[in-house]
Amino acid sequence: MSLTHLLDIESLNKESIYRYLSNAQSFLEVSERDIKKVPSLRGKTIINLFLEASTRTRASFEIAGKRLSADTINISGSTSSTTKGETLLDTARSLEAMNPDVLVVRHSESGSARFLANYLKTTAVANAGDGMHEHPTQALLDCLSLQQHFGDAGIEGKTIAIVGDVRHSRVARSNIWAHLKIGNRVRLVGPPTLIPPEFAATRSFGGGVEICHNLHEGLEGADIVMCLRIQLERMKDHFIPSLQEYTNEYFVSEKLISRVAPDAVVMHPGPINRGVEVESALIDGPRSLVSRQVTNGVAVRMAVLFELATSVRRSEEVKES
Ligand code: CP
C-alpha cells in the first residue's frame, strides 16, 4: 500500500508547497461553473472526522469532496462514540475497516494526525488542525490568496507580520513554515507570553524569524499582516491580564496600518473577534483578503483530497503495475 498524507507544512519542501498551490489554482474554476462537479474522485470515499469545532475547514473539506464526486461523510465529536469513551485510535481503526480512501481529522491534541497516520494502513490522513501544532491546508489557502494578490510579482521576498496569540495558533505555525520555505521574512508580533518559546528562545529560528513585542515596530514595512484570535479555550494559565489590556496594546487598525505599512494586505484565518484583535472595518475593507481566503479553502482542499486519494493504491493495483 502506497500512501501520501498531509500532516504538516514543516515536512514539505518548497516544490511540494508550490505543487499543491498550482493544483489548487486549476481546481478554482470548478467552483465557478453552473454545475460545480468533476468526476476526478468518483468511487473514492472521504471521511471528515471533526472532533473539535469548525465552520470553514469542515464545510470546505465537505464541499471539496463533493465537487470531486467523492462519497463524503462527516462525523463530529458530539455524535461520535468518542463521547462513550472510545479512543481516537479505535475510532479511526473502525472507520478504516470501512475502506475509506482519506480520513480528514481535526482534533484538539497536537500530533493526533501524525499519530493516526502511523497506525492506519490503507487510509491517507489529512490534518485539518491538530491542537496547537499545525493547520497545513490553512497555510496553503493563505499562500494561494497571496499568489492571487501579488500576481506576477510572486510571493517570495516578502515580509509577513503574524500578530497576536502565536503561541496557541496552529495557523501561525503552518504559516511560519510555509513562509520560511518560500524564503520570506517572518515577524511574530505580540506580548512575550503569547510568542512560542521555541521561537523566542533563538530569535533567529530558521534564519528568518524576528520577534517583536511592539505592535508599531512589528508592522513597520510589512507586506502581509496576519491577525490572530486570542485562543482563550487553549489557555490553562493567565497569558494576558485581560482582553481589554491586550486590545489596548495589540489592536490592528486601518489607521495604524495606513501609517506604518500602507501597502500591506490583511489576513485572518477566522473565527474573528471583531473589535478585540482587529478593527471590523479593516476586515471588511479593500486591503482584506479574508473572504478570498475562505473561497480558496475549497480549491486547496480539492487539491489535497485529490493528491491523497489518488495516492491510495490498493495492493491489487500495486501488484498489477
Ligand atoms: N480557519 C479555520 O480553521 O476556521 P474553522 O475553525 O472555522 O475551521
Q) Measuring from centroid to centroid over Cα atoms, what is the spacing of the range 262-317 and the range 81-128 in Å? A) 23 Å
**Q.** Cross-link partners of residue 37 among lysines (Cα-Cα below 16 Å; sequence separation of 8 or more within a chain)
**A.** 66
Q) Taking residue 158 as the anchor, which aspartates and glutamates have their alpha carbon closer than 16 Å to its alpha carbon, excluding any fewer than eight residues away along the same chain? A) 142, 210, 220, 223, 263
Q: Choose one answer from 238, 216, 135: the residue with the largest mean-square fluctuation in a GNM of the chain with alpha-carbon springs under 10 Å.
A: 238
**Q.** Net charge of Cβ neighbours under 12 Å - reference residue 148; Lys, Arg +1; Asp, Glu -1
**A.** -1
Q. Pulled fully out, how much extra length does the chain show between residue 10 and residue 148, if you take 0.36 nm times their separation in residues and subtract their Cα-Cα distance?
A. 47.4 nm
**Q.** Simple Cβ-charge dipole of the chain, Lys/Arg +1 and Asp/Glu -1, about Cα centre, in debye nearest 20
**A.** 580 debye
Q) Expressed in nm to one decimal, what extension gain is obtained for the pair residue 42 and residue 2 from 0.36 nm per residue of sequence separation less their Cα-Cα distance? A) 12.5 nm
Q) Between 232, 278, 116, whose Cα lies farthest towards the positive end of the dipole of the chain when Lys and Arg beta carbons carry +1 and Asp and Glu beta carbons carry -1, centred on the Cα centre? A) 116
(Q) Around residue 295, under 11 Å between beta carbons, what's the net of Lys plus Arg minus Asp minus Glu among the other residues? (A) +1
(Q) Counting only other residues whose beta carbon sits under 11 Å from that of residue 96, what net charge do I get with K and R as +1, D and E as -1? (A) 0
Q) How far is the Cα center of the range 223-251 from the Cα center of the range 1-64, in Å? A) 30 Å
Q) How large is the accessible surface per residue of the range 206-321, computed with a 1.4 Å probe and reported in Å² as a whole number? A) 48 Å²
**Q.** the chain: angle of helix 170-182 to the longest principal axis, Cα-based, in degrees nearest 10
**A.** 90 degrees
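Per-residue ellipticity at 222 nm for the chain, helices alone: DSSP H runs ≥ 4 residues times -39500 (n - 2.57), over residue total, nearest 500 deg cm²/dmol?
-12000 deg cm²/dmol
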Q: Among DSSP beta bridges whose residues both lie in the range 43-177, state the antiparallel percentage, nearest 5.
A: 5 percent
Q) Roughly speaking, what is the stretch gain from residue 248 to residue 122, that is 0.36 nm per residue apart minus the C-alpha to C-alpha distance, in nm to one decimal? A) 40.3 nm
Q) Share of the chain's accessible area from carbon and sulfur, percent, 1.4 Å? A) 50 percent
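The values are calculated or read from the model by the stated rules, or taken from the named source; none is laboratory data. Bear in mind the structure is a predicted one, so any value in this text is a computation, not a measurement. As a convention, Cβ positions derive from the backbone with ideal geometry for all residues, glycine included, and neighbour counts pool all protein chains shown. Surface accessibility is based on the protein's heavy atoms, side chains included, excluding ligands, DNA and RNA. Shrake-Rupley method; radii C 1.70, N 1.55, O 1.52, S 1.80 Å.
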